[in-house]
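Inspection log for the structure reproduced underneath, given as structure tokens.
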Amino acid sequence: MNASEKGDYKNLFPKRQLWQPKFEYPLWDPDWDGMEPISTGNKEEDRRRKRQLRKDGVTRHIILIRHGQYNEKESLDENRKLTPLGREQADYTGRRLKEMIDGVDGTGFSSCNLKVVRVSNMARAKETADIIASHLPGVMRAEPDPDLNEGRPAHNIPGSSASSSTIEKTDDQHPRIEAAFRRYFYRAKENATENRINGIGDTNENDKNENAKDPNSGEQKEGSRHEFEIIVCHANVIRYFLCRALQMPPEAWLRLCTFNCSLTYLTIRPTGTVSCRMLGGKYSSEN
């Protein structure tokens, strides 16, 4: 890496490593997941269909959870187990999620359609997920996904000029973390237009990836207009996912903060818009 290439973008890092959105920020890309309904060519009909989709479509809820506190002194991942506090944090988180998923009688807050618990392939995340899942009996567990492992998803601004090793690390780790984002973030498949569901025309790559990893993923409950997924992973990954989902510059990821076993909660509406309902929320109202 020569000095001129390293300084391509404001003397910070190669310009090729700067995120290039399809639409200039702050404009929104309506087809960010490849599932925007195909236009009929009639603006009034398109508006009517979107209103109907907003009313009757399925909303996806994704809850991202950072792993609990772990032993950082160990060098090997398999030895970086949760501390006693980390296990307690995971237990509190599991209890809180159970309350959220089960609903509260007499309040109008009914039970949620939790489809799956996902996890990275790192020891601290898997241990956290095991403890959380012990409070959610009957919920499907996906196989650990190494694409969710901790890493450097993008350069950070503000920040100093990146070293050659940091540039190489970003080249190595960004593609897999971006692949994980595309795999798990998309509007509900039930909302896709009929020709896409039947494989006519464009096919959403997320469908292929999802089926390949979880062929028995939970079926949509009859009459349910909401589906939930839990992903247990890592701070850098969660912060990058949040920026990407909200179509904010990913280089802002280090401006956000998530604590051990905190919850970051995003909704993907039937029309493809995305909202953050919680960022780094506490695992227990008592803490």
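Quick notes on this one:
- Test for Pro158: is it in a loop (DSSP other than H, G, I, E, B), modelled with pLDDT under 95 and not aromatic (Phe, Trp, Tyr): no
- Filter result for the condition that a residue is among the small types (Gly, Ala, Ser), out of contact with any helix residue (DSSP H, G or I) (no Cβ under 7 Å at 6 or more places or on another chain) and farther than 23 Å from Val58 by Cα, over Ser262, Ser275: Ser262
- The single residue among Glu127, Glu150, Glu88, Glu168 that is part of a loop (DSSP other than H, G, I, E, B) and either among the charged types (D, E, K, R) or touching a Phe, Trp or Tyr at 6+ places or on another chain (Cβ under 7 Å) (or both) turns out to be Glu150.
- Counting the residues of the stretch 130-147 that are of a type in the set (D, E, K, R) and in a loop (DSSP other than H, G, I, E, B) gives 1.
- Only one of Glu168, Glu143 that is closer than 23 Å to Pro14 by Cβ, surrounded by fewer than 19 Cβ atoms within 10 Å (Cβ to Cβ) and of a type in the set (Asp, Glu): Glu168
- Positions within the stretch 45-73 being over 14 Å from Glu227 (Cα atoms) and in a loop (DSSP other than H, G, I, E, B), in sequence order: His67, Gly68, Gln69, Asn71, Glu72, Lys73
- Candidates are the residues of the stretch 238-251 that are closer than 21 Å to Met122 by Cα and within 8 Å of the chain's Cα centre (by Cα); the one that is surrounded by the fewest Cβ atoms within 10 Å (Cβ to Cβ) is Leu242.
- Considering the conditions (1) modelled with pLDDT of 95 or more; (2) more than 22 Å from the chain's Cα centre (by Cα); (3) loosely packed, with under 12 Cβ neighbours inside 10 Å, Leu27 is excluded by exactly one of them, (2).
The values are calculated or read from the model by the stated rules, or taken from the named source; none is laboratory data. Quantities reported herein were computed from a predicted structural model and do not represent experimental measurements. Virtual Cβ from ideal backbone geometry, glycine too; neighbours counted across all protein chains shown.
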